[in-house]
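Colleague: Quick one: the structure is below, and I'll ask about it shortly.
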Amino acid sequence: MMNKIFKILISFSAQTILAGSIMLDGNLDEIEWDSAYEINDYFEISPYTLKPAEVKTVTKVFSNEDGIYIGFTNFQENSSMLSNKSLRDEMGVIAEQNGVAIDFDSDGSKAYMFMVTLANIKKDGIRPLGGWPEMDWDGDWEAETRKHNGYWVSEFYIPWNVVLMKKVEGNKRRINLTTFRYLGEKQIWLNDNKTSGYRVNFLSSLRTLDVDNYSKGKTNFFPFISKTYNSVSGFNENKVGAEIFINTGTGKQINLTVNPDFGQAESDEVIVNFSAQETFYSEKRAFFNENQSLFDLSHYDRYRIINTRRIGAKSNYECSSSLNENDCIDSKKNYTDIDYAMRYTQKNDDLDLGIFIAQESDERYTKGKDFYALRTKKKIDTRTIGYFLTHVVDNFSDEKASVNVVDFTNVKSRKITLYHDIISSKKEDEAGFGFRSQFNYKPTDLSRRSGSILYFDDSLMLNDFGYLKRNDWFHLGAGTDISKINFKDDSQIKEFKFGIDLNYDSDTSGNSNPIKIGQKNEFTFLDSSEFQFTWDLKTSGKDTTITRKNIDYPFVKTKGSLSFNLDYESPSYGFWEYDWRIGYENAEKYNSFNSEGYERRFAKIAGSLYPTDNFKLGYSFRVREEDEWLNWLKDNELATYDLTQKIFSINMNWYKGIKHEIRLKSQFVALEALNPRSLIVDNEGYLLSHNADVKAFSEGITSFQIRYKYEIAPLSYIYLVYTKGGNVYDDENNKDTSEIFKDPWDNPDNEIFSIKFRLKY
């Protein structure tokens, strides 16, 4: 390894004499490229066959006082070059692509990912240690592509101030780096280090480079003005605000936003949730994604110490006690204005420090919240120990909530990494405790083992600032994955993945949930199509959340079930593709009431059409039917229904040049719950017939948004947004499916027109 680093060091040292400027034009004809460090060995990593690439790629890397430059020369036939346009950060795009991942501090804690398609659409994100690529971050960097005869070129310019880097003494900085190429026609990813961002040892697999050490400060100022009008409620708002990003170039950065708005935010996915667990929605606001990685401490979908969607969420009201109750009701909004938010981060040699503050606005009938967070991480060799403090003041209820976390990560080797979080919370006088312990182990490149233990007591509360799927929870899980790649020459299979997971859950009193065993078989074929077969076995057990922690009726005994799913994703047929999924689940009958047994049937068909490079149409139709679907009503009262849920989605993207973008995103949901049967649960968890008056019901949900974006200059935009949505609930059940789809469109809760100017200085 040291010999390899030494050779690379010599290569980069020669560049100290280089002069002149680089023009990003897709032509690598400047003199600096002649002595750049060169990479020309690539391997198939998705599918993970590790076969040497069948096409030639030459990548050159060099740096100067401005930043890092990467140039790709991608050889292939002209007819195979796909340049379909897409949204920024859109994944799954069928187009030629290049990418680079850089760990600027060479400490293995995270890598920044920069990608560009042949259509010159940029994608960027962060790959943290212990997580997967997150494409919410938008950095200030540049790339240009150009088609040539028999090859195409992408040229990257990544300035030193694009991210916060620790200050390094001396004239050399050590970074870790790897590069990628995507072949659109064959849907194959290539990489020079035989790794990908979706492999657990990704960060430890990057190549090490020593480059000339430069520091570069930056101040970006983003003023904006917006107008929002809701034709349903009559709400009319004009806002002026700004965002300021200051990077000193010495390992310190300050981000500040004043009076931010939500005018350009993308609409959320419609999720119908009758469970006791809150649905988690990802952050879409630019400020709260920028430079946020230090504050990102989470474990899959189970918890997050900070969930920035809490900031600016819907406020609490007590209109019934107000002197003007009707005016209070009319003043309600589904969000809260934010006065300001500020984030300060500092990176020293082996210590990271961050402070986060946000304050919501007070209104006539409610008061906002104040949010505070402190984060530190100390690196000691291959180990990292961190401390996290969050504190929330609810000025409406006069409640205070605090969370303290000590987290520990140990990268013992390229094969094994350990994670531990110790969590405590306090809200008023109630204290809670929890912990997480997890390992990831890769004995070979084609296998993986993992396991985790979670314990959250009944009083642990994270949801004032963070997200916790459930408390009063004990979890024990283990899983393994194995891949096979060496198939016979006449085989149509390129890669086969086998995985199995075992999960045991219970509450902290020892009431066991069903034990779950899941098994996955995934095939990737030569034509790039994929087929997946999975099955899940659940034993009988106790549902400890459905009765919402009722003291007298803490759980419902459930029956075991067996389910399976079949998934297929087609290859690309030039201008279209499709996928489908079917699923089935069956459970035993209950003996305590007149049960016929639970049964679930699911089907999905979806696809995309892209007849030209600048237009894409996507569609999806999903239907789920459940017999004896169990739903909680109140106390120990429940009911079963015959449930049918249909979801129709249509999305459209159109682009004119690189300046104009129109996006349509829509979802229509029709849910029918028929043939209700009243039940109660006794204090031993058995379901019994009951005589309560339970009605069938239907629910229709519409989410529709069309957005026009014009790029004035890089990171400067004009947005025009039209949003329409509604939710109509009916317990008379006298409507057919088409009427349920139509009702929320004809009777929307919101019909919003927004315009926003955002400029970069």
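Colleague: For the range 218-375, what is one quarter of the convex hull surface built on the Cα atoms, given in nm²?
Modeller: One quarter of the hull surface, i.e. the mean projection, equals 11.7 nm².
Colleague: Kindly put 668, 274 in sequence by how many other C-beta atoms sit within 10 Å of each C-beta, fewest to most. Walk me through the intermediate numbers first.
Modeller: Working: 668 20, 274 12.
Lowest count first: 274, 668.
Colleague: Taking a threshold of 18 Å on the Cα-Cα distance, which of the pairs 665/760; 167/216; 252/377; 442/497; 442/469 fall above it?
Modeller: On the way: 665/760 27 Å; 167/216 11 Å; 252/377 15 Å; 442/497 15 Å; 442/469 28 Å.
From the list (665/760; 167/216; 252/377; 442/497; 442/469), the Cα-Cα distance tops 18 Å for 665/760; 442/469.
Colleague: At q = 0.13, 0.14 Å⁻¹, what log₁₀ I(q)/I(0) does the range 658-761 have when each alpha carbon counts as one equal point scatterer in the Debye sum?
Modeller: Rounded to two decimals, the profile gives -0.66, -0.71.
Colleague: Rg/Rh for the range 566-641: what does it come to with C-alpha atoms and Rh from Kirkwood?
Modeller: Working: Rg = 19.4 Å, Rh = 15.6 Å.
That ratio equals 1.25.
Colleague: What ranking of 760, 634 emerges when the number of other C-beta atoms within 10 Å of each C-beta is taken as an exposure proxy, fewest first? Could you put the intermediate results ahead of the total?
Modeller: On the way: 760 16, 634 10.
Ranked by crowding around the Cβ, least crowded first: 634, 760.
Colleague: By how many degrees, 0 to 90 and rounded to 10, does the Cα axis of helix 737-746 deviate from the longest principal axis of the chain?
Modeller: The angle comes out at about 70 degrees.
Colleague: So what is the relative contact order of the range 467-533, in percent, for Cα pairs below 8 Å that sit 6 or more residues apart? List each step's numbers first, then the result.
Modeller: Values: 119 pairs, mean separation 19.6, N = 67.
Relative contact order of the range 467-533: 29 percent.
Colleague: For the range 682-761 and the range 284-348, what is the separation of their Cα centres, given in Å?
Modeller: About 20 Å separates the Cα centre of the range 682-761 from the one of the range 284-348.
Colleague: Within the set of other residues whose C-beta is less than 11 Å from the C-beta of residue 746, count the net charge using Lys and Arg as +1 and Asp and Glu as -1. Please report the intermediate quantities before stating the final value.
Modeller: Working: positive: 724, 742; negative: 739, 743.
So the surrounding residues net to 0.
Colleague: Same structure again: What lysines does residue 400 reach when the alpha-carbon gap must be under 20 Å and sequence neighbours fewer than 8 apart in one chain are set aside?
Modeller: Counting by Cα, and skipping residues close in sequence, residue 400 has these lysines nearby: 314, 367, 369, 426, 427.
Colleague: With angles folded into 0 to 90 degrees, how steeply does helix 2-13 sit against the dominant principal axis of the chain? Use alpha carbons for both and round to 10.
Modeller: Between helix and principal axis, roughly 70 degrees.
Colleague: I would also like to ask the following. Test of understanding: ordering 94, 380 by Cβ neighbours within 10 Å, fewest first, what list do you get? All intermediate terms of the calculation are to be shown ahead of the outcome.
Modeller: Numbers: 94 22, 380 9.
Fewest to most other Cβ atoms nearby, the residues stand as 380, 94.
Colleague: Then there is this: Given contacts defined as C-alpha pairs under 8 Å and at least six residues apart, what's the relative contact order of the range 409-531, whole-number percent?
Modeller: That works out to 16 percent.
Colleague: What's the Kirkwood radius of the range 149-241 in Å, using all Cα pairs? If you can, show how the numbers build up before the last one.
Modeller: Values: mean 1/r = 0.0536 Å⁻¹.
After inverting the mean inverse Cα-Cα distance, the result is 18.7 Å.
Colleague: Taking the alpha-carbon set of the range 598-719, what are its Rg and Dmax in Å?
Modeller: 22.2, 66
Colleague: Grab the other residues whose beta carbon is less than 11 angstrom from that of residue 358, score K and R as +1, D and E as -1, and report the net. It would help to have the intermediate numbers written out before the result.
Modeller: Working: positive: 310, 343, 369; negative: 339, 360, 370.
Around residue 358, the charge tally is 0.
Colleague: Let me ask another. Quick one: divide the alpha-carbon radius of gyration of the range 2-216 by 2.2 N^0.38 Å and tell me what you get.
Modeller: Numbers: Rg = 16.2 Å, N = 215, 2.2 N^0.38 = 16.9 Å.
Against the compact-globule rule of thumb, the ratio is 0.95.
Colleague: How big is the range 137-296 on each of its three principal axes, counting only the C-alpha atoms and giving the largest first in Å?
Modeller: Largest first, the range 137-296 extends 58, 44, 42 Å along its Cα principal axes.
Colleague: Something else now. What percent do you get for the relative contact order of the chain when only Cα pairs under 8 Å and 6+ apart count? Display every interim value, and only then the final one.
Modeller: On the way: 2019 pairs, mean separation 60.4, N = 761.
Once normalised by length, the contact order is 8 percent.
Colleague: Hey, which of these cross-link pairs are over 18 Å Cα-Cα: 51/494; 60/218; 333/724; 194/494? Numbers along the way, then the final one.
Modeller: Values: 51/494 10 Å; 60/218 26 Å; 333/724 16 Å; 194/494 16 Å.
In this structure, 60/218 exceed 18 Å between Cα atoms.
Colleague: Taking the Cβ of residue 211 as the center, what net charge do the other residues with Cβ under 9 Å away carry, scoring Lys and Arg +1 and Asp and Glu -1?
Modeller: Numbers: positive: 172, 173, 174; negative: 210, 212.
For residues surrounding residue 211, the net value is +1.
Colleague: Mind jotting down a quarter of the surface of the convex hull over the alpha carbons of the range 277-359, in square nanometres, one decimal? Numbers along the way, then the final one.
Modeller: Working: hull surface 31.2 nm².
Its average projected convex-hull area is 7.8 nm².
Colleague: Something else: Which chymotrypsin sites (Phe, Trp or Tyr not before Pro) in the range 378-449 pass both tests, a DSSP loop state and at most 12 other beta-carbon atoms within 10 Å?
Modeller: Details: sites: 387, 388, 396, 408, 419, 433, 435, 439, 441; in loops: 396.
Answer by residue number: there is no such site.
Quick note: the coordinates plus some simple rules give every number you see, no bench work behind them. Quick caveat: nothing in here was measured; it's all calculated off a predicted structure. Heads up, the Cβs are rebuilt from the backbone with ideal geometry, glycines too, and the neighbour counts pull from every protein chain shown.
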